[in-house]
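Colleague: Supplied in structure tokens, the structure appears directly below.
The values are calculated or read from the model by the stated rules, or taken from the named source; none is laboratory data. Everything quoted here is computed from the prediction, not taken from an experiment. All Cβ positions, glycine included, derive from the backbone under ideal geometry; neighbour counts span all protein chains shown. Protein only, heavy atoms only, side chains kept; ligands, DNA and RNA dropped before computing areas. Shrake-Rupley method; radii C 1.70, N 1.55, O 1.52, S 1.80 Å.
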Amino acid sequence: RDGRSDPEVAAGARRSVRQVGCGDPMGTVLHSASRAAAGFIFRQSMRHVVLDADRAACAGGFILAATHIGNVEAVILSTVLGRPIRWMVRLEYFRRRWASALLRRYGAFPVDRHGDALPAIRGAVRIAGAGGCVGIFPEGRVAHGDASLLRGGPLKGGVCTIAIATGLPVVPAI
């Protein structure tokens with residue numbers, strides 16, 4: 001830990017989400033370079049099938065709701081999708097200053113899964129409403145077996161709240 005208490009981290013997260021801009025925080029060069037590097041590794045090690053790719057290639061905002069069975073989905077989806085995704089990431093990953101800076105550079109914003117998630121929900125509504133893509137894991141954590149949405153596991157309400165508030169489509173990713 002870097003010496004900050006949980007309330008300090010949570011307060012910083014609320015401030016940062018309030019300041020979430022709707023533009024592309026990554027910049028074209030960083031996004032292109034990261035996508036090319038991850039894409040090379042991805043193509044060398046995995047096969048994938050994308051159904052209805054045009055749903056994610058459309059102009060305007062949407063919510064990308066992905067199952068969370070491992071820790072690489074965000075990288076894979078960001079590589080495959082081809083447009084910047086503003087990922088909602090659990091607050092615990094923002095505790096270290098270097099990790100927080102890196103995540104913010106890639107457009108991620110924190111969500112307090114066990115406390116007040118409203119600032120993150122509001123930030124996601126602003127981003128999607130301004131035409132951005134918000135990535136969210138509706139399970140709220142890495143889920144295996146019966147806890148996975150793939151097997152009927154529970155769904156957190158944030159993705160539904162964002163979709164209702166914005167009127168935008170939810171694009172599923174498995």
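Colleague: Given a Förster distance of 22 angstrom, what is the FRET efficiency for A99 paired with N71, based on the Cβ-Cβ distance and rounded to 0.05?
Modeller: 0.95
Colleague: Ignoring everything but the protein chains, give the 1.4 Å probe accessible area of C133 in square angstrom, nearest 10.
Modeller: Ignoring ligands and nucleic acids, C133 comes out at about 0 Å².
Colleague: Put I69, I164, I41, I136 in order of accessible area, largest first, 1.4 Å probe: what do you get?
Modeller: Values: I69 85, I164 140, I41 110, I136 15 Å².
So the residues, ranked largest to smallest area, are I164, I41, I69, I136.
Colleague: Roughly how much of R105 is accessible, in Å² to the nearest 10, using a 1.4 Å probe?
Modeller: Surface accessible to solvent at R105 totals approximately 120 Å².
Colleague: Please calculate how many Å² of accessible area the range 55-112 carries per residue, with a 1.4 Å probe and no DNA, RNA or ligand atoms counted.
Modeller: Per residue, the range 55-112 has an accessible area of 47 Å².
Colleague: Can you give the FRET efficiency for T161 and E92, using 1/(1 + (r/R0)^6), R0 = 30 Å, r = Cβ-Cβ distance, to the nearest 0.05?
Modeller: Between T161 and E92 the formula returns 0.90.
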